[in-house]
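Colleague: For reference, the structure I am asking about is given below.
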Amino acid sequence: MIKYNLICKNCNNLFDSWFSSSHDYDKLNKNKYINCHNCNSTKITKNLMSPNILTSKVKLELRLKEEKYKIIKKTMNEHQKFIKENFDYVGDNFAHEARSLHYKSKKKKKGIYGLASKQELQDLKDEGIKSEVIHWSKDTIN
C-alpha cells in the first residue's frame, strides 16, 4: 500500500488517498477513476510529498476544512432529499421529458430530474427550455 498526497487541478483541493501500488495509481488516474471529493473533477495529480509533521496550525486548518466539507455534504444531501421527495425521476429520458413538459398546454404540477448529456442540455437551452445542473453525490460513505 502507498499513500499519495493528491491535488485537484480544477479547485486546488489537497487530499490523501491510498493505492495498492504506484502502478495502480497511474492506471486509475489514466482512466479517470480518481476524482476530487470537493468538485468531482478528474484532473488529479500527485502533489509533492513531505514528511508528515502536524503542527497545531496545520491540525486546526485540517479540522476546519473537514468541518466545512461536512457542512457542504450535509447541505447537498438535504437538497437531494428534497428533490427526491418533490420531483419525478425520469432517468436518461430527461431531455425528452423536459420537452414534453415544455410544449404541453397542460403542465404537470411536479417537476422532473434525471440524466442528460452536455449536448442535450445545450439543445434544451437553445430551445428556450430552462434546466439546471446539480451535482449529485452517490449515497455511499467514504
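Colleague: Residues of the range 91-128 being under 23 Å from residue 80 (Cα atoms), modelled with pLDDT of 90 or more and part of a loop (DSSP other than H, G, I, E, B), which ones?
Modeller: 92, 93, 115, 116, 117
Colleague: Any idea how many residues of the range 1-48 are touching an Asp or Glu at 6+ places or on another chain (Cβ under 7 Å) and exposed (fewer than 13 other Cβ atoms within 10 Å of the Cβ)?
Modeller: Residues that pass the stated criteria total 1.
Colleague: Continuing with the same structure: Going by what's in this entry, would residue 17 be described as touching a Lys or Arg at 6+ places or on another chain (Cβ under 8 Å), outside the structural domain of residue 125 (by TED's automatic domain parsing), hydroxyl-bearing (Ser, Thr, Tyr) and assigned to a strand (DSSP E or B)?
Modeller: Against the criterion (touching a Lys or Arg at 6+ places or on another chain (Cβ under 8 Å), outside the structural domain of residue 125 (by TED's automatic domain parsing), hydroxyl-bearing (Ser, Thr, Tyr) and assigned to a strand (DSSP E or B)), residue 17 qualifies.
Colleague: Considering every residue within the range 72-89, establish whether at least one is assigned to a helix (DSSP H, G or I) and closer than 25 Å to residue 4 by Cα.
Modeller: yes
Colleague: Another one. Please go through the range 9-28 and pick out each residue that is under 19 Å from residue 58 (Cβ atoms) and not aromatic (Phe, Trp, Tyr). Working first, answer last.
Modeller: Initially, the range 9-28 is screened for residues under 19 Å from residue 58 (Cβ atoms), giving 12-17.
Of everything in the range 9-28, those that are under 19 Å from residue 58 (Cβ atoms) and not aromatic (Phe, Trp, Tyr) turn out to be 12, 13, 14, 16, 17.
Colleague: Okay, next question. Could you figure out which of (1) assigned to a helix (DSSP H, G or I); (2) under 27 Å from residue 118 (Cα atoms); (3) free of Cβ contacts under 8 Å to residues at least 12 places away in the same chain isn't true of residue 29?
Modeller: Of the numbered conditions (1) assigned to a helix (DSSP H, G or I); (2) under 27 Å from residue 118 (Cα atoms); (3) free of Cβ contacts under 8 Å to residues at least 12 places away in the same chain, the odd one out for residue 29 is (3).
Colleague: Another question about this same structure. Could you say which residue among 73, 108, 125 is closer than 29 Å to residue 15 by Cβ and either in contact (Cβ under 8 Å) with a residue 60 or more places away in the chain or basic (Lys, Arg) (or both)?
Modeller: Working: 108 fails: closer than 29 Å to residue 15 by Cβ; 125 fails: closer than 29 Å to residue 15 by Cβ.
Testing whether each residue is closer than 29 Å to residue 15 by Cβ and either in contact (Cβ under 8 Å) with a residue 60 or more places away in the chain or basic (Lys, Arg) (or both) leaves just 73.
The values are calculated or read from the model by the stated rules, or taken from the named source; none is laboratory data. It should be emphasised that the depicted structure is a prediction, and the values quoted were computed from it without experimental measurement. Here Cβ is always computed from backbone atoms with ideal geometry, including for glycine, and neighbour counts include all displayed protein chains.
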